[in-house]
Amino acid sequence: MRHPAPISEFNRAPHYAGALLLLTLTFLFSSCGDKEDQPSDWERGDPKNSAQPLADPTPIPGPEPAPTERDPDSSPLRFLSYNIKNYLTMSRYVSGERKDRKKPEKEIMALVKLVVAAQPDVFGICEIGSLEDLTELQQYLAEAGLNLPHREHAGGEDTTRRLALLSRFPIVATNSQGAGGSLTYKSVDGENNPKQFAMQRGILDVTVQAGDKQVRFLGVHLKSKREIPQGHQDLMRRNEAYLLRKHADRVLDASPDTLLCVYGDFNETRRESPVRSIQGTYQSARYLEPLSHKDSRGEVWTHYWDYQHVYSRFDYVLASKALRRFWVQKESRIIDDPQWFSASDHRPLLTLFDLAK
């Protein structure tokens, strides 16, 4: 390999320096015109300018290929879990005015397009509002060609943001848990005073009949990282995770071979105590394995916090040991449709289970 000439050699051969100067000037003048009108990296990535978060790819691909034909009765079960970001009526700031409004039509249409493209057989939802909101979403999906007629609508103490599940398969059992009963815990409030709390969004518990097998889904949306005066958000999330783990233990103690899928927005990263608590002990027969999902670039984040420009893995799908063997890892993924940020601040997880194995 030839190494660059030392400085002393340039001193002995001034014509080298002249040639180098000429090449440098030529490069600078030829490239200035090309870059003058290009946006900066910040402008290309800022969601306010492009409706895409900072790390989302700049190129927008052409039209998506038409989905391939599949026999839903013999194909793997397609499960989509998704925080759909405030599909409900709430105070929104639009055109200089703040008042109660529904989820914007543009966001709904982006959401429907993304879900229909994923073709789920079972659709687990976080952040749906009323039963009327769920009915509206069902109708939008059906009009777009995705018929999911069976449903469950559940929630906890938070009556604004709730949980839901839509299914192509019949729902044969439900045991969703609300704010009362076993879903209460003692913690401390903002001033460290002992206080009784109820689980914010409860636990959705649904069993679907998929062919000759039954799959049980437990959906949750744990306390957000938003600070509130009523209590410490991190302690609330830990306690809610513990309540979910206890509920899963009861299911698996009663029937260790249950095909159990636990999913949702845990509002916590993978090594923090709420996620580890939900998983349980690895050696245990009741261990729930977090299934690995990646997007088309090999990235694993599922949530983008616009205000802080923070990317996090908050959304998970976990499987019992009995269900784990049916998981189709190669086809399971985080969906990174180029327009995902128009629908929600989360990206959905598509998980396939080949129940015919």
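Summary table
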{"quantity": "The listed residue being within 30 Å of Pro170 (Cα to Cα), open to solvent by 10 Å² or more (accessible area, probe 1.4 Å) and either in contact (Cβ under 8 Å) with a residue 24 or more places away in the chain or not in a loop (DSSP other than H, G, I, E, B) (or both), out of Asp257, Asp234, Asp205", "calculated": "Asp257"}
{"quantity": "Scope the stretch 141-153; condition under 21 Å from the mean Cα position of the chain (by Cα) and either open to solvent by 40 Å² or more (accessible area, probe 1.4 Å) or hydroxyl-bearing (Ser, Thr, Tyr) (or both); matching residues", "calculated": "Arg151, His153"}
{"quantity": "Scope the stretch 77-101; condition in contact (Cβ under 8 Å) with a residue 24 or more places away in the chain, open to solvent by 30 Å² or more (accessible area, probe 1.4 Å) and not in a strand (DSSP E or B); matching residues", "calculated": "Thr89"}
{"quantity": "From the options Phe169, Phe197, residue that is among the aromatic types (Phe, Trp, Tyr), over 22 Å from the mean Cα position of the chain (by Cα) and closer than 22 Å to Ala319 by Cα", "calculated": "Phe169"}
{"quantity": "Subset of the stretch 146-181 [among the hydroxyl-bearing types (Ser, Thr, Tyr) and in contact with a Leu (Cβ under 8 Å, 6 or more places away or on another chain)]", "calculated": "Thr160, Ser167, Ser176"}
{"quantity": "Qualifying residue in the stretch 318-334 (condition: open to solvent by 20 Å² or more (accessible area, probe 1.4 Å), more than 26 Å from Thr207 (Cβ to Cβ) and either among the small types (Gly, Ala, Ser) or touching a residue at least 24 places away in the same chain (Cβ under 8 Å) (or both))", "calculated": "no"}
{"quantity": "Verdict on Gln308 being among the polar types (S, T, N, Q), surrounded by 13 or more Cβ atoms within 10 Å (Cβ to Cβ) and farther than 21 Å from Arg333 by Cβ", "calculated": "no"}
{"quantity": "Enumeration of residues in the stretch 267-305 that are in contact with a Leu (Cβ under 7 Å, 6 or more places away or on another chain) and either of a type in the set (Lys, Arg) or surrounded by fewer than 14 Cβ atoms within 10 Å (Cβ to Cβ) (or both)", "calculated": "Arg286"}
{"quantity": "Residue under evaluation Val215, criteria (1) within 21 Å of Arg162 (Cβ to Cβ); (2) β-branched (Val, Ile, Thr); (3) open to solvent by less than 10 Å² (accessible area, probe 1.4 Å), criterion not met", "calculated": "(1)"}
{"quantity": "Selection from the stretch 113-140 of residues that are part of a helix (DSSP H, G or I), open to solvent by less than 10 Å² (accessible area, probe 1.4 Å) and touching a Lys or Arg at 6+ places or on another chain (Cβ under 8 Å)", "calculated": "Ala118, Leu134"}
{"quantity": "Residue in the stretch 237-254 that is in contact with a strand residue (DSSP E or B) (Cβ under 7 Å, 6 or more places away or on another chain) and loosely packed, with under 15 Cβ neighbours inside 10 Å present", "calculated": "no"}
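The values are calculated or read from the model by the stated rules, or taken from the named source; none is laboratory data. Nothing here was measured: the structure is a model prediction, and the numbers come from that model. All Cβ positions, glycine included, derive from the backbone under ideal geometry; neighbour counts span all protein chains shown. Note: accessible area is taken over every heavy atom of the protein model, side chains too, but ligands, DNA and RNA are not part of it. Shrake-Rupley method; radii C 1.70, N 1.55, O 1.52, S 1.80 Å.
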